[in-house]
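Reading through the structure tokens given below for one structure.
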Amino acid sequence: MKPRILISRSVESSGLYESAVEKAGGEPLSFHCPDPEMEFDGLILAGGGDVDPAEFLEANHGSREIDGPRDRVEFDLVNRCICENKPILGICRGHQVVNIALGGNIYQDMNDYLLDVHDQPADGAPRTHVVKLGMMTMLDTLYGGEMVVNSSHHQAVRQFGQGLYRTAWDEHGVVEAMQHGTLPIWTVQFHPEQMTGEDGTADGQKIFDFFLEQCRKHCEG
């Protein structure tokens, strides 16, 4: 049986997450604000607008496109996955949701700290850069010591949530990926569903292949 992968996504999502899950051998269950009680084998928290800063006890200092109902659903989903030891893959917004759900916080707008080194150009042209990978991590296993990733975010992890540690970072020290010390949780700030390996970036499908393998192990366990 194919692992059932719940994808919590924005309303505007393009379908690339679903295609990557199918290619990796999974069955995508894709929703905006899914029912936290539905049955699934693994969770992907996809990209989208910013988390309400009230969730990490701050006033709004540059957060935008906030989706409060999605915030609440995704925090419930993270808590359920932790309780049931279900694998989680957080992507972009999802990377930040996991960190906040575990008690961390974020820089609400990197333009206040690092100019516009990550934000997407106004003309829509892709922005890419190299990130360093921590040894003996998921990304190191898949790609070696470094990789080229895409970049289209204006927020970033600041203080780590409980049990999380960085597994990738850029030349400025911006956290580009994390994983959990004991739980099956992996997160990336970039968008692997958009990385083809033919556009100057690494092949992002490897991350989905890895995640689906972890979900299969969970099902068998």
Accessible area per residue for the chain in Å², computed with a 1.4 Å probe and the full protein assembly in place, what is it? 45 Å²
Among the DSSP beta bridges whose two residues both lie in the chain, what percent are antiparallel, rounded to the nearest 5? 55 percent
The long-range amide H neighbours of I44, using H built 1.01 Å from N in the peptide plane and a cut-off of under 5 Å, are L6, I7, S8, L89
What do the square roots of 5 times the Cα gyration tensor eigenvalues come to for the stretch 142-218, in whole Å, largest first, as semi-axes of the equivalent ellipsoid? 19, 19, 10
The stretch 148-221 and the stretch 37-68 have their Cα centres apart by a whole-number Å value of 17 Å
Pick out which of Q179, Q159, Q108 has the largest mean-square fluctuation in a Gaussian network model of the chain, springs linking Cα atoms closer than 10 Å. Q159
When you count, for each residue, the other Cβ atoms within 10 Å and take the mean per peptide, how do 128-141, 93-106 rank with the highest first? 93-106, 128-141
Ratio for the chain, C-alpha Rg to 2.2 N^0.38 Å, reads 0.93
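Nearest 5 percent is fine: what portion of the DSSP beta bridges confined to the stretch 1-116 is antiparallel?
In the stretch 1-116, DSSP labels about 0 percent of beta bridges as antiparallel.
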Apply the Kirkwood formula to the stretch 3-81: the hydrodynamic radius equals the inverse of the mean of 1/r over all pairs of different alpha-carbon atoms; give it in Å with one decimal. 13.3 Å
Determine the share of the stretch 1-123's accessible area contributed by carbon and sulfur atoms, expressed in whole percent, with a 1.4 angstrom probe. 50 percent
So, by mean Cβ neighbours within 10 angstrom, what's the order for 61-68, 49-56, 38-45 with the highest one leading? 38-45, 49-56, 61-68
Simple label model, 7 Å out from Cα along Cβ direction - E146 to D35, nm: 4.9 nm
For E198, project a label point 7 Å along Cα to C-beta. Then give me every residue of the stretch 10-38 with its amide nitrogen under 16 Å of that point. 20
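The values are calculated or read from the model by the stated rules, or taken from the named source; none is laboratory data. Everything numeric in this text was worked out from a predicted model, so none of it was measured. Backbone-built Cβ (ideal geometry, glycine too); neighbour counts: all protein chains shown. Side chains are part of the model used for accessible areas, which takes the heavy atoms of the whole protein and leaves out ligands, DNA and RNA. Shrake-Rupley method; radii C 1.70, N 1.55, O 1.52, S 1.80 Å.
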